[in-house]
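Okay, so here's the structure we're looking at.
The values are calculated or read from the model by the stated rules, or taken from the named source; none is laboratory data. Keep in mind it's a predicted model, so treat the numbers as computed, not measured. Using ideal geometry, Cβ is built from the backbone for each residue, glycine included, and neighbour counts are taken over all protein chains shown. The protein model used for the area step is the full one, side chains on, heavy atoms only, and it has no ligands, DNA or RNA in it. Shrake-Rupley method; radii C 1.70, N 1.55, O 1.52, S 1.80 Å.
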Amino acid sequence: MAQPRQCLANVRLNLEAAGLEFRHVIGAQLYLVDMDNLPTVERLWTELLGASQPPRITLGATQLPTGTPIEITVIARRTAGDRVYLNPIYAQTRQQAEKQLAAALRKVGLSRKHLAMANWYTTGPHAPGVID
């Protein structure tokens with residue numbers, strides 16, 4: 001499949017244009033129209049990033065804006081410092097998600113101020129107009 005390889009090449013070009021490399025990536029979001037392509041993307045991703053892969057969110061999508069079957073968004077930093085990007089948190093309520101987030105940060109010896117980005121998804125009832 002040519003699209004995943006081209007998509008990753010485009011990410012590399014964008015990183016290089018900013019003076020960065022894949023080693024600077026601290027988080028990524030991968031969108032696939034056909035989840036059957038995930039093994040191919042996983043193999044290519046591992047070839048590029050090796051064992052020290054940043055946290056990544058992988059989502060299936062029915063359609064992407066440009067009609068492409070794959071889209072990858074990365075977050076990169078020139079210096080890693082002590083900022084982190086955690087894997088997504090899934091919980092019934094926002095309160096439970098907050099507790100899981102705090103526990104994950106404690107586990108690595110950091111606090112909320114160290115977060116580069118956090119994603120959580122809740123399935124419980126929400127107040128009108130609130131997206132958790």
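Inside the stretch 29-48, residues that are assigned to a loop (DSSP other than H, G, I, E, B) and either of a type outside the set (Val, Ile, Thr) or at positive phi (or both) make up a count of 1.
Cβ separations smaller than 9 Å between residues 6+ apart or across chains give no pair from the stretch 9-26 residues that are over 18 Å from Gln53 (Cβ atoms) to residues that are polar (S, T, N, Q). Inside the stretch 29-59, residues that are modelled with pLDDT under 85 and open to solvent by 50 Å² or more (accessible area, probe 1.4 Å) make up a count of 4. If the condition is being closer than 20 Å to Asp34 by Cα and open to solvent by 100 Å² or more (accessible area, probe 1.4 Å), then the stretch 1-22 contributes Arg5, Gln6. Within the stretch 9-26, how many residues are part of a helix (DSSP H, G or I) and either modelled with pLDDT of 90 or more or out of contact with any helix residue (DSSP H, G or I) (no Cβ under 6 Å at 6 or more places or on another chain) (or both)? So the count comes out to 11. Taken over the stretch 68-80, the residue count meeting the criterion of being in a loop (DSSP other than H, G, I, E, B) and either open to solvent by 60 Å² or more (accessible area, probe 1.4 Å) or hydrophobic (A, V, I, L, M, F, W, C) (or both) is 4. Restrict the check to the stretch 122-132 and report whether at least one residue is at pLDDT below 80, in contact with a helix residue (DSSP H, G or I) (Cβ under 6 Å, 6 or more places away or on another chain) and in a loop (DSSP other than H, G, I, E, B). Yes: one or more hits.
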